[in-house]
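Engineer: Starting off with a structure, shown below.
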Amino acid sequence: MTPMETSSLKTIAIESLGLDQGAHLLIKRALDDVPVGSVLRVSGSAPDLDMHLLAWCRSNGHAVSFVGDHADIVRGPFQQGRWTGAVQGGDADRQRPHAVAEHAHAQWGLAARGATVEAGSPGFDFRFSDKTEIWAETADELYRQALAGQWDPATAIDWSDAGELPDEVENAVVQVMTYLIENENAALLVPARHLGQVHPHFREVMQLLAIQCADEARHVEVFTRRATLKRPNPALSGAGGQASLKTLFETSDFSSSAFLLSVLGEGSFVNLLNFLHECGPDPLTRQIARLVARDEARHVAFGMAHLEYRLSQDPGYQSALKAAIEQRYDTLSASVGLNEEVFDALILLAAGATDAASVQRGFGRVQRLKQEMATGRKARLVRLGFPVHEADRLSGLHTRNFM
């Protein structure tokens, strides 16, 4: 090294401070100001400094040589054996701190997206590690909407506003609430199963699924409180409904699950909740339906956003969605679907009375509800790229249990 080169070296004197006493902090700070491939000269008098400095440089990807009473550290291009979590297409992209990788590496584990992951970190086996199979472009926006839209059952609902209903009407409310509870149990547990399998690199989706589970837990609470407000227990849970919900648990693919649960099931559920908001026999039931419908509409929006993204990346996946509907239909072909007690309860709520003219009017309103559900499903299927005639056919195959 020439005298001129030596005079231009960045130097640092750590004096008697050893690396085991914090000197490495001073060295790291000084290296931040040294370009890759350039030299930082370190002088110090701590015991065994050469040995400690050699080990530290090797572990951090820097070369080091010892000249007299100095050590010359050549700054490496990266931390040896390390990689960044903020990547695009597998290449480090430190200039785009919010970039989302197409594939999240197992070794990134639980690290924050964009963090430098130290060599030797254990790999985590997250099932959903590919962006295509989990992502939605609006996930962050929907998460923020969900945060702003949280409500407390104790303060958002006037629990004294149920009034005194005729026994048969109160019983109808309890039966519908019982039906809603089991469906919301499914709507909670299905995303909860997926949540623990999402790579944290896709944190917006992970956060959104978590708050979706919180929404459903709250829905179970309010439906249970309404069901048992004036009755000691909920009403009948039908075998057909249970069979229908079981098929949702058996759908392990995230996209197909979101399709069946959110796009088709919860989409139809929004229609049902709007029906209850309109036809509920007491202000309390109408309040509950309005608040829950708002949450469910957001869940449908996430399901649609995810599937729109997935189909934009893999148009052929549409055939898997079609197969999911058809397979579920075949599985449930022998079941009775929506149990008669629930159907009759909906008619009574829409009728408001038990005379023939009122029941006829209530029956017609429930038939319109079913048509609204079918029309909504068809519209969402068309939005996902299904031809109109195919969307109509597939909508008709949806479970008679609504969810």
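The values are calculated or read from the model by the stated rules, or taken from the named source; none is laboratory data. What you are looking at is a predicted structure, and each value in this text was computed from that prediction instead of being measured. Cβ atoms come from the backbone with ideal geometry, glycine included; neighbour counts cover every protein chain shown.
Engineer: As an exercise: evaluate GLU184 against (1) more than 27 Å from GLU326 (Cβ to Cβ); (2) surrounded by 20 or more Cβ atoms within 10 Å (Cβ to Cβ) and give the number of the one condition it does not meet.
Structural biologist: With (1) more than 27 Å from GLU326 (Cβ to Cβ); (2) surrounded by 20 or more Cβ atoms within 10 Å (Cβ to Cβ) applied to GLU184, the lone miss is (1).
Engineer: Scan region 213-242 residue by residue and report those that are assigned to a loop (DSSP other than H, G, I, E, B) and closer than 14 Å to TRP151 by Cβ.
Structural biologist: Hits for region 213-242: nothing passes.
Engineer: Across region 114-152, what is the number of residues that are closer than 28 Å to VAL222 by Cβ and either β-branched (Val, Ile, Thr) or surrounded by fewer than 19 Cβ atoms within 10 Å (Cβ to Cβ) (or both)?
Structural biologist: 11
Engineer: Go through region 272-286 and give me each residue that's surrounded by fewer than 20 Cβ atoms within 10 Å (Cβ to Cβ) and not in a loop (DSSP other than H, G, I, E, B).
Structural biologist: Hits for region 272-286 are ASN274, HIS277, GLU278, PRO283, ARG286.
Engineer: Which is at pLDDT below 95 and of a type in the set (Asp, Glu), of ASP215, ASP253, ASP295?
Structural biologist: Among ASP215, ASP253, ASP295, only ASP253 is at pLDDT below 95 and of a type in the set (Asp, Glu).
Engineer: Go through region 318-347 and give me each residue that's of a type in the set (A, V, I, L, M, F, W, C) and within 20 Å of GLY241 (Cα to Cα).
Structural biologist: Across region 318-347, the qualifying residues are ALA324, ILE325, LEU332, ALA334, VAL336, LEU338, VAL342, PHE343, ALA345, LEU346, ILE347.
Engineer: Which of the residues spanning region 335-379 are of a type in the set (Ser, Thr, Tyr), surrounded by fewer than 17 Cβ atoms within 10 Å (Cβ to Cβ) and modelled with pLDDT under 95?
Structural biologist: Result: THR354, SER358.
Engineer: Then there's this: Of all the residues that make up region 327-341, how many are in a helix (DSSP H, G or I) and over 31 Å from the mean Cα position of the chain (by Cα)?
Structural biologist: So the count comes out to 2.
Engineer: Within the group LEU273, LEU311, which residue is closer than 22 Å to GLN367 by Cβ and either touching a strand residue (DSSP E or B) at 6+ places or on another chain (Cβ under 8 Å) or not small (Gly, Ala, Ser) (or both)?
Structural biologist: Answer to the selection: LEU273.
Engineer: Could I ask something else about it? If you go through region 227-238 one residue at a time, do you hit one that is crowded, with 19+ Cβ neighbours inside 10 Å, under 19 Å from THR399 (Cα atoms) and at pLDDT below 95?
Structural biologist: Yes, some residue in region 227-238 is crowded, with 19+ Cβ neighbours inside 10 Å, under 19 Å from THR399 (Cα atoms) and at pLDDT below 95.
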